[in-house]
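Engineer: Got a structure for you, questions after.
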Amino acid sequence: MNFTGSVEDQWVQLNLKYCERCGGLWLRSEGASGVYCGSCSAHFAQRPAPGEVGPLKRRRRRTRKASAVQQEQTETSLGACNGTGLVVMEVSA
């Protein structure tokens with residue numbers, strides 16, 4: 001058989017990788033730098049980039065209820081600590 005044409009072999013090198021988000025196995029071409037499978041890449045493409053999100057809102061500090069403040073005031077008026085951890089009661093006549 002006389003063949004005058006040429007045959008070009010086109011080989012594609014593939015690496016078997018696992019997705020760093022879902023853990024699924026997928027193939028990527030040699031030299032590619034992706035670490036996520038196709039569906040996870042699409043998921044991250046929908047989310048804003050970390051630098052684009054504004055600063056987080058600060059949480060307000062809770063205010064103490066009036067009943068807790070009144071209870072503290074009555075406890076301090078009834079007795080005082082003498083430094084040893086014992087409460088000394090005041091007696092008025």
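The numbers here are math on the coordinates, done by the rules we state, and not lab data. Because the structure is predicted, anything quoted here is derived from the model rather than measured. Neighbour counts run over all protein chains shown; Cβ positions are idealised from the backbone, glycine included.
Engineer: Within a Cβ distance under 11 Å of LEU14, other residues only, what is the Lys/Arg minus Asp/Glu net charge?
Structural biologist: Around LEU14, the surrounding residues sum to +1.
Engineer: Relative to the present Cα-Cα distance, how much length would full extension add between ARG21 and VAL35 at 0.36 nm per residue of separation? Could the numbers behind the result be given before it?
Structural biologist: Details: separation 14, 0.36 × 14 = 5.04 nm, distance 0.86 nm.
Between ARG21 and VAL35, full extension yields 4.2 nm more.
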